[in-house]
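**Q** Here you go, one structure.
The values are calculated or read from the model by the stated rules, or taken from the named source; none is laboratory data. Predicted model only: the values in this text are computed from it and were never measured. Virtual Cβ from ideal backbone geometry, glycine too; neighbours counted across all protein chains shown. Just the protein is used for accessible areas: all its heavy atoms, side chains included, with ligands, DNA and RNA removed. Shrake-Rupley method; radii C 1.70, N 1.55, O 1.52, S 1.80 Å.
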Amino acid sequence: MACCVSFIKYLMFLFNILFWLAGGAILGVGIYVSVDSTVQNIVSVAGVQITFAAAIALIVFGSIMFIVGFCGCCGAIKENQCLLGTYFVLVLLIFIAQLGIGIWAFTSRTTIENEIRKGLNNSVPINTTNEQYVTSVKDLQKFFKCCGLVNGCEDWPSGNTEGCSCSGTSDTCVAPSASCTNTDPSGGNIYKEDCLDATLNFIDDNIIIIAGVALGIGVFEIFGMAFAMIMCTNARAAKGYETY
C-alpha cells in the first residue's frame, strides 16, 4: 500500500507540474489576446465584444490553474491533508466552471456566429476615410486570408481592394473580377474567400481542437481529484503524515 501511495504521490506531482504549466500557458494567451493590437483591430471590425470577455476568462482561469497547480505540487510532496483537501475542492470548482462554459459555448455557437455576421454586415461598405479602421480590416484579411468583409472585393469602395494580395494557390487566390482592382503595390491575385466565410470556417475547423483540449484538461482534473482523494484519505489514516 505504501508503495502504491508513493507512486500516486509522484504521479500527482508530475500531473500538477503539467497543470501548472497549462495554467501559465492559458494565462499568457489571455494576456496576449487582451493587449495585442492586431487582435484588438480584428475584433473591432466585427464589433463583437465577446472576445474581450473570453480573454478575461482565460486570464482568470489561467491564474487559478497556475496557483492550484502550485498548491497541488506542494500538497503532493508534503502529503499535507489540508493542502490536498483544498486542492480537491478548487479543482472540482474549476471542473464545474469549465463544464458550464463548455455547455454555454456549445449552445450559444449559433448566436455567436450570428453576432459576427451582423457586425460584419454593418461594416459594409468599408469606410476608407478612417485610416485606423482600414488598418483593422487589413489585419483581419491578413489573419484569415480573405478579401472584403461579406461580399468579397466589392465591399471596398469602387472595388479598389487594399491588403488583399495573395500569392498562394488557386484554392485561395483568384484574379480580381472585372468590378475589382488590386491597388496594393504588388498587384496580382487577391484572396478568393470573403472574411465572413473565412471567420466562420475558422471557428468550425478549430472547434473540435478546442473541445479536445478542454476534454483532455477535464480528464487530467478528474485524475488529479482522484489522486488527491486517495492521498488525503491515506494521510488521515497514517499517523506519520501531517494533519495540519
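**Q** Could you give every pair whose Cβ atoms fall below 6 Å, whose first residue belongs to region 146-164 and is on the phi < 0 side of the Ramachandran plot, and whose second residue is among the acidic types (Asp, Glu), counting only separations of at least 6 or pairs across chains?
**A** Close Cβ pairs (under 6 Å, with a partner that is among the acidic types (Asp, Glu)) amount to CYS146/GLU193; CYS146/ASP194; LEU149/ASP155; VAL150/ASP194.
**Q** Any idea which of ALA214, ALA228, ALA198 is open to solvent by less than 60 Å² (accessible area, probe 1.4 Å), touching a strand residue (DSSP E or B) at 6+ places or on another chain (Cβ under 9 Å) and assigned to a helix (DSSP H, G or I)?
**A** Exactly one of ALA214, ALA228, ALA198 is open to solvent by less than 60 Å² (accessible area, probe 1.4 Å), touching a strand residue (DSSP E or B) at 6+ places or on another chain (Cβ under 9 Å) and assigned to a helix (DSSP H, G or I), namely ALA198.
**Q** I'd like the full set of residues that are in a helix (DSSP H, G or I), small (Gly, Ala, Ser) and at pLDDT below 75, limited to region 31-49.
**A** Once the filter is applied, which keeps residues that are in a helix (DSSP H, G or I), small (Gly, Ala, Ser) and at pLDDT below 75, region 31-49 yields SER37, SER44, ALA46.
**Q** Considering only region 153-173, how many residues are open to solvent by 10 Å² or more (accessible area, probe 1.4 Å), over 14 Å from ASP184 (Cβ atoms) and assigned to a helix (DSSP H, G or I)?
**A** So the answer is 3.
**Q** Let me ask you something else. Being touching a residue at least 12 places away in the same chain (Cβ under 8 Å), farther than 16 Å from ILE210 by Cα and not hydrophobic (A, V, I, L, M, F, W, C) is the filter here; which residues of region 20-39 pass it?
**A** GLY24, GLY28, SER34, THR38
**Q** Select from region 124-151 the residues that are open to solvent by less than 20 Å² (accessible area, probe 1.4 Å), closer than 21 Å to VAL33 by Cβ and of a type outside the set (Val, Ile, Thr) and list them in ascending order.
**A** Result: SER136, LEU140, GLN141, CYS146.
**Q** Taking into account only those residues within region 58-78 that are open to solvent by 30 Å² or more (accessible area, probe 1.4 Å) and not β-branched (Val, Ile, Thr), which is farthest from LEU11 (Cα to Cα)?
**A** LEU58
**Q** Residues of region 124-152 being part of a helix (DSSP H, G or I) and closer than 16 Å to ILE203 by Cα, which ones?
**A** Across region 124-152, the qualifying residues are LEU140, GLN141, PHE143, PHE144.
**Q** Tell me yes or no: at least one residue of region 113-123 is part of a loop (DSSP other than H, G, I, E, B) and either touching a Gly at 6+ places or on another chain (Cβ under 7 Å) or of a type outside the set (Ser, Thr, Tyr) (or both).
**A** Residues of region 113-123 part of a loop (DSSP other than H, G, I, E, B): 122-123.
Going one step further and asking which of them are either touching a Gly at 6+ places or on another chain (Cβ under 7 Å) or of a type outside the set (Ser, Thr, Tyr) (or both), we end up with 122.
So far as region 113-123 goes, yes, one or more of its residues are part of a loop (DSSP other than H, G, I, E, B) and either touching a Gly at 6+ places or on another chain (Cβ under 7 Å) or of a type outside the set (Ser, Thr, Tyr) (or both).
**Q** Test VAL45 against the stated conditions and say whether it is in contact (Cβ under 8 Å) with a residue 12 or more places away in the chain and closer than 21 Å to ILE203 by Cα.
**A** Judged against the criteria, VAL45 is a match.
**Q** Ok, one more. Need the failing condition index for ILE208 against (1) within 30 Å of PHE70 (Cβ to Cβ); (2) of a type in the set (A, V, I, L, M); (3) at pLDDT below 80; (4) open to solvent by 40 Å² or more (accessible area, probe 1.4 Å), just the number.
**A** The one condition ILE208 does not meet is (1).
**Q** I would also like to ask the following. Just to check your reading of the model, which residue among LYS192, LYS145 is at pLDDT 85 or above and out of contact with any helix residue (DSSP H, G or I) (no Cβ under 7 Å at 6 or more places or on another chain)? Lay out the reasoning, then the answer.
**A** Details: LYS145 fails: out of contact with any helix residue (DSSP H, G or I) (no Cβ under 7 Å at 6 or more places or on another chain).
Step by step, each of LYS192, LYS145 is checked, and only LYS192 is at pLDDT 85 or above and out of contact with any helix residue (DSSP H, G or I) (no Cβ under 7 Å at 6 or more places or on another chain).
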